[in-house]
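Q: Have a look at the structure that comes next, please.
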Amino acid sequence: MGLRSQYMVTIFVAGLWAISLLYGEMFAFWVPLFSCTWPALKDGSTAGNTHVKSIKIALIPDPQITHKDAGGASVTNMKFSEFYSDIYMRRAFRSSVLEMYPDRVIILGDLLEGGSLLSDPEWEALHRRFEHVFDQSQRVSQGLERVPVDYLPGIQDLGSVDVQSKVPEIRSRNEAAFGALEYSINVGGAEFLFTNPRAFDGLESSMKENASWGLLSKISSDDEVQPPRVLFTSVPLYKPSNAPCRAKKNDESVRRTLSLNADKPEEYLTSETTTRLLNLTKPIMVVSAHGRHVCSMNHTTVYGSIIEHTAGTFNWLQENLYPSFMMISVASEPVSGSSDLVSVSVCFLPVQTRIYAWYLVSLVSGLLAIFAWPTQGVDLYGVVVKVHQYFREIFRPDGGVKLKDEDADNGDWEMMWDAEGGMHLVKAQKVVSATGNATQGGDRRGSAFARSAARRQSALDLEESVMTMESNLKDTVTMRAKTHMLPIRLLQALGPLAVLASSSLSLYVMLLMKDWT
């Protein structure tokens, strides 16, 4: 059994490519269904009632739909970036997020890249792409209800408070598309509070005079007993530089140091805003976006320690090779302890750069196999048998090949020539003769042997010269044959390459269209 033809190799390579494409374009997005589970609440979270189910919420952070004018790259490159960014998130949303059957979805942070800088037509085009990425028509076609979605736009969508005050249309179009920018909803036994904290850092008005604090001030002054709050912000809270951060990377918990960039204050809230925000809302947990990477850390307030979970980005082209989404479980009833109310975990999505790297390795190895495979084929079974026999010979119980008894004798050997010029190897006899006649006879015989050896050496030199000429001629012929063989091998590879390209491209386009339409 063996691969004896180029077309057999082509079929083998096409099969490997098909498996690679099926995994990279489809199966990889099913992996989170087995590797991720909804976080479990503590035993006391429902006051001893084990029959109460938790509410499952999927949080999608910073999708930031890629825009061709935002990166400064060429139009062609950005078109490819837009397409592959959109189809990755569309697959992740349909095959990974929705297939986990969440009860609610929250899309938090930067929704549209450079949204605050776009004209109305450009913004509308980007918004249509956003709706296409997070479309639920497939779920509806299966007879399932749409999952409720809550939105909270970020800095890229709204800009600073000064920009919003000068161009109020920016805020208006976001409210028309995504709803209110500050609101609260009750989810199970908790209250989810969504706020746009960057509006609190305005330079033209002080914090006390800023109207954006209105909702939070009303909540803070409410006399009624409120359920425990979870605060959602589109920007991370203030953190001291080099603060310890419990991060997760590719499903492995690691500790790292978070360094804040002082040149980009828009990446986080100010210390004053953070302090007042926490004192007004008194949350049991803070969930933020815009941090690009997953991070968890504690904030100390007068009311105690509050943990903040910063979610990583959902878009693999936004400075994070490990995109992810957050899974939140909330008790469906009020609880005795607020710390047992909410539980959070992170689910990592496929690493797209590794998938493309594997595609490149498969492409190069497949082409080398097509071009370099011997025309007479390779008997793989025969090669395996020979290797097996070789190792059996090496690891024989008797230590390998047994030497002949004669080889164990370290005696000397002599070359002897007969009268016809033939050479013989004769074992030297260790016999010492002291007679003069024997010595003279040996001299005469030695002279005869020497003359015969000279004639034999001349014949050998002539034969060696002829063989050298023949070898040079063969080398010249071989070089010419190799020169003519290269175009022949290229022509022979055209057919297998056409079969390989047509089958692989057809499968790839089919997988793309399956998820795009």
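Q: Could you please let me know if GLY48 is within 26 Å of ILE355 (Cα to Cα), modelled with pLDDT under 85 and among the small types (Gly, Ala, Ser)? First the steps, then the outcome.
A: On the way: within 26 Å of ILE355 (Cα to Cα): no; modelled with pLDDT under 85: yes; among the small types (Gly, Ala, Ser): yes.
In short, no.
Here's the yes/no breakdown for (1) over 28 Å from the mean Cα position of the chain (by Cα); (2) closer than 29 Å to VAL509 by Cβ:
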{"position": "SER85", "(1), (2)": "no, yes"}
{"position": "GLU99", "(1), (2)": "no, yes"}
{"position": "GLY109", "(1), (2)": "no, no"}
{"position": "LEU112", "(1), (2)": "no, yes"}
{"position": "SER141", "(1), (2)": "yes, yes"}
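Q: Collect the residues in the range 244-288 that are modelled with pLDDT under 65 and among the aliphatic types (A, V, I, L, M), keeping them in residue-number order. If you could, list the steps in order and put the result at the bottom.
A: Our first condition is that a residue be modelled with pLDDT under 65; within the range 244-288, this holds for 247-266.
The answer is ALA247, VAL254, LEU258, LEU260, ALA262.
Q: Okay, next question. Looking only at residues that are farther than 30 Å from ASN77 by Cα and surrounded by fewer than 18 Cβ atoms within 10 Å (Cβ to Cβ) in the range 305-321, which one is modelled with the highest pLDDT? Before the answer, list the steps.
A: Of the range 305-321, the ones farther than 30 Å from ASN77 by Cα are 305-310.
Next, from what is left, pick out any that are surrounded by fewer than 18 Cβ atoms within 10 Å (Cβ to Cβ): 305, 307.
Details: SER305: 88, ILE307: 91.
My answer is ILE307.
Q: May I pose another question? Tell me which residues, restricted to the range 155-166, are without any contact (Cβ under 8 Å) to a residue 60 or more places away in the chain and touching a helix residue (DSSP H, G or I) at 6+ places or on another chain (Cβ under 8 Å). Working first, answer last.
A: Step one: of the range 155-166, the residues without any contact (Cβ under 8 Å) to a residue 60 or more places away in the chain are 157-159, 161-166.
If the condition is that a residue be without any contact (Cβ under 8 Å) to a residue 60 or more places away in the chain and touching a helix residue (DSSP H, G or I) at 6+ places or on another chain (Cβ under 8 Å), then ASP157, LEU158, GLY159, VAL161, VAL163, GLN164 are the ones that fit.
Q: Hey, another quick one. Can you tell me which residues in the range 88-114 are touching a Leu at 6+ places or on another chain (Cβ under 7 Å) and buried (at least 18 other Cβ atoms within 10 Å of the Cβ)?
A: Listed by number, the residues that qualify are ALA92, SER96, ILE106, LEU108, LEU112.
Q: Scanning the range 160-170 for residues that are surrounded by fewer than 21 Cβ atoms within 10 Å (Cβ to Cβ) and not hydrophobic (A, V, I, L, M, F, W, C), which turns out nearest to GLU267 (Cα to Cα)?
A: SER160
Q: Tell me the residue from LEU231, LEU144, LEU152, LEU203 that is in a loop (DSSP other than H, G, I, E, B), among the hydrophobic types (A, V, I, L, M, F, W, C) and modelled with pLDDT of 70 or more, please.
A: Working: LEU231 fails: in a loop (DSSP other than H, G, I, E, B); LEU152 fails: in a loop (DSSP other than H, G, I, E, B); LEU203 fails: modelled with pLDDT of 70 or more.
Going through LEU231, LEU144, LEU152, LEU203 in turn, the sole match is LEU144.
Q: May I ask you to verify whether ASN315 is of a type in the set (S, T, N, Q) and either assigned to a loop (DSSP other than H, G, I, E, B) or within 30 Å of LEU33 (Cβ to Cβ) (or both)?
A: Values: of a type in the set (S, T, N, Q): yes; either assigned to a loop (DSSP other than H, G, I, E, B) or within 30 Å of LEU33 (Cβ to Cβ) (or both): yes.
In short, yes.
Q: Is one or more of the residues making up the range 177-185 β-branched (Val, Ile, Thr), surrounded by fewer than 21 Cβ atoms within 10 Å (Cβ to Cβ) and modelled with pLDDT of 90 or more?
A: Taking the range 177-185 as the starting set, the residues that turn out to be β-branched (Val, Ile, Thr) are 185.
Those left that are additionally surrounded by fewer than 21 Cβ atoms within 10 Å (Cβ to Cβ): 185.
Restricting the remaining residues to those that are modelled with pLDDT of 90 or more gives 185.
Yes.
The values are calculated or read from the model by the stated rules, or taken from the named source; none is laboratory data. It should be emphasised that the depicted structure is a prediction, and the values quoted were computed from it without experimental measurement. Glycine also receives a Cβ, built like all others from the backbone with ideal geometry; neighbour counts cover every protein chain displayed.
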